[in-house]
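The values are calculated or read from the model by the stated rules, or taken from the named source; none is laboratory data. Here the structure is a predicted model, which is why all the values come from computation and not from measurement. Using ideal geometry, Cβ is built from the backbone for each residue, glycine included, and neighbour counts are taken over all protein chains shown. Ligands, DNA and RNA are stripped out before the accessible areas are found, and what is left, the full protein with its side chains, is counted by its heavy atoms. Shrake-Rupley method; radii C 1.70, N 1.55, O 1.52, S 1.80 Å.
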Amino acid sequence: MDRLDGHAHLMIVSDLDYTMVDHDDQENLSLLRFNALWESDYRHNSLVVFSTGRSPMMYKQLRKEKPLLTPDITIMSVGTEITYGESMVPDDGWEQYLNHKWDRDVVLEETAKFPQLSFQSSTEQRPHKVSFFIQKGYAEEVMKSLSELLVNRGLDVKIIYSGGICLDILPLGAGKGEALAYLHKKFKADGKLPTNTLVCGDSGNDTELFSVPDVYGVVVSNAHEELLKWYAQNSKDNPKIIHATERCAAGIIQAIGHFGIGPNISPRDVVNSGFKIKSFNPGHEIVMFYLLYERWRRAEVENSDLTIHNMISITHPSGILVHPSGVEHSILECIDTLVPCYGDKRGKQFRVWVDRVSSSQISSDSWLVKFDKWELSDEGRHCCLTTVLLNSKPETPKGFALVNVHQTWLDGYAAGDHTTWIF
């Protein structure tokens, strides 16, 4: 929560499965579009929060499978666990708050009386969450009866039905909406309440997010029946909540534009790599550079002298790239190496994205930019910590030059492994 010095311009609070992540999109294109927009235009002054029903173990598994960015805050287990930063430091105060009138053993005792309930996997059973599967036809009756039993046992609980099959039992003070309200309260106490908060969801366990005061909301086009029903009954006429016409992360981008919160054109939607922005933005330039690199190798840009000239024009004549193996190369030599690689990934699995982009101006004409650079290919998925020195170069089309690029493996990828890693 301390990454930004002041108010976040935007805090996006998004569910993961079938909201940020479209499991039917094998190329992860909508997610990669969001990633490029976020790192280009929002990472420097905004916050991203993932709010998921997944347990920590299953959340970490999803991160291994999908090109997810690193969130500033992670809300897991249907709002019963809150962690901060890449290290996922837990919020102990939130855990203590949830202990009020909660007894997990009593919940297990009472739910055992309902044969319609079957336990979800052990990974999804958490200190403040007990999770079951239930057939849709039984859900309403079981929820009503179970709620009465638990109240009679002196517990204050919340029962959430979502996805047409999942039933979660939580402390009354838990849930995605309560967790967000708790975060808002903490930000307000520090004088850092975000200027805009956009909540995003697709299922019943996301409904509470839309009830938090003073937020914008987007129900993605592929939302489940229970959330669409709630939207029709509660928010259809609310101008701050929309039902997107786009799926998943594409719907989130649509909402940013609809509400006029900020830029909503992803660099991945820009065909011309010469796309101009109003002022120099190091994050944007890094995203565009690596997107050009990906498109060159996938043969999605023209194989022309002009494209190569544009690459060379943003390179300092004495620029150096330090490969993750420790070997130094001239950046111009790397471009020469790249030229014959045109289309070598055409029709193959190959994507490049950046994460955790941060920049600092170290002189009147120099910026130091740090980020994680990810590359996915048939050889696997690999990441390196990258540091780039940019100098202003007004005579170039982009107005800057790459002076130094230094890369270090972050995922144990051995320097001796065979790879076509170039930049």
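With the requirement that a residue be part of a loop (DSSP other than H, G, I, E, B) and open to solvent by 10 Å² or more (accessible area, probe 1.4 Å), what does the range 44-66 give you?
H44, N45, G53, R54, K66
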ask   = Taking strands (runs of 3 or more DSSP E) that fall entirely within the range 329-396, which contain at least 2 residues that are basic (K, R) and on the phi < 0 side of the Ramachandran plot?
value = 366-377
message = Whether any residue in the range 171-190 is over 17 Å from I75 (Cβ atoms) and of a type outside the set (A, V, I, L, M) is what I want to check.
response = yes
note = Condition set touching a strand residue (DSSP E or B) at 6+ places or on another chain (Cβ under 7 Å) and open to solvent by 10 Å² or more (accessible area, probe 1.4 Å), scope the range 102-113, selection nearest to L155 (Cα to Cα): answer is W102
message = If I filter the range 305-321 for residues that are open to solvent by 30 Å² or more (accessible area, probe 1.4 Å) and part of a loop (DSSP other than H, G, I, E, B), do I get at least one hit?
response = no
remark   = If you go through Y42, Y18, the only one that is more than 25 Å from Q125 (Cα to Cα) and hydroxyl-bearing (S, T, Y) is Y42
request  = Could you list all residues from the range 70-99 that are of a type in the set (A, V, I, L, M, F, W, C) and either modelled with pLDDT of 95 or more or not in a loop (DSSP other than H, G, I, E, B) (or both)?
outcome  = I73, I75, M76, I82, M88, V89, W94, L98
note = Of those in the range 188-200 that are in contact with a strand residue (DSSP E or B) (Cβ under 8 Å, 6 or more places away or on another chain) and not in a strand (DSSP E or B), the residue surrounded by the fewest Cβ atoms within 10 Å (Cβ to Cβ) is T195
E375 at pLDDT 90 or above and in contact with a strand residue (DSSP E or B) (Cβ under 6 Å, 6 or more places away or on another chain) = yes
task = Consider D190 carefully, then state whether it is in contact with a Ser or Thr (Cβ under 6 Å, 6 or more places away or on another chain) and of a type in the set (D, E).
result = no
query = Only one of these conditions is not met by Y18: (1) hydroxyl-bearing (S, T, Y); (2) within 20 Å of A244 (Cβ to Cβ); (3) buried (at least 21 other Cβ atoms within 10 Å of the Cβ). Which number is it?
reply = (3)
key: Pick from the range 252-270, criterion in contact with a Lys or Arg (Cβ under 8 Å, 6 or more places away or on another chain) and in a loop (DSSP other than H, G, I, E, B), ranking: nearest to I12 (Cα to Cα)   = F259
request  = Give the range 114-133 a look and list any residue that's within 28 Å of T19 (Cα to Cα), open to solvent by less than 50 Å² (accessible area, probe 1.4 Å) and out of contact with any Cys (no Cβ under 8 Å at 6 or more places or on another chain), or say none.
outcome  = L117, T123, E124, Q125, H128, K129, V130
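Conditions (1) over 14 Å from D15 (Cβ atoms); (2) surrounded by fewer than 19 Cβ atoms within 10 Å (Cβ to Cβ); (3) in contact with a Leu (Cβ under 6 Å, 6 or more places away or on another chain), marked per residue:
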| residue | (1), (2), (3) |
| --- | --- |
| K144 | yes, yes, no |
| D156 | yes, yes, yes |
| G175 | no, no, no |
| D202 | no, no, no |
| Y216 | yes, no, yes |
note = Matching residues in the range 21-42 (open to solvent by less than 10 Å² (accessible area, probe 1.4 Å), in contact with a Ser or Thr (Cβ under 9 Å, 6 or more places away or on another chain) and either assigned to a loop (DSSP other than H, G, I, E, B) or among the hydroxyl-bearing types (S, T, Y) (or both)) number 1
task = Kindly indicate which of S87, S77 is open to solvent by less than 20 Å² (accessible area, probe 1.4 Å) and of a type in the set (S, T, Y).
result = S77
message = Of everything in the range 1-15, what is open to solvent by 80 Å² or more (accessible area, probe 1.4 Å) and more than 16 Å from H184 (Cβ to Cβ)? Give them in sequence order.
response = D2, R3, D5
key: Subset tally (residues that are more than 19 Å from the chain's Cα centre (by Cα) and β-branched (V, I, T)) for the range 341-389   = 5
query = How many residues does the range 313-340 contain that are under 22 Å from V369 (Cβ atoms) and more than 32 Å from the chain's Cα centre (by Cα)?
reply = 11
query = Hey, I169 hits all of (1) part of a strand (DSSP E or B); (2) at pLDDT below 95 but one; which does it fall short on?
reply = (2)
task = Have a look at A223, A249, A181 and point out the one that is out of contact with any His (no Cβ under 6 Å at 6 or more places or on another chain), in a helix (DSSP H, G or I), over 22 Å from Q116 (Cβ atoms) and open to solvent by 10 Å² or more (accessible area, probe 1.4 Å).
result = A181
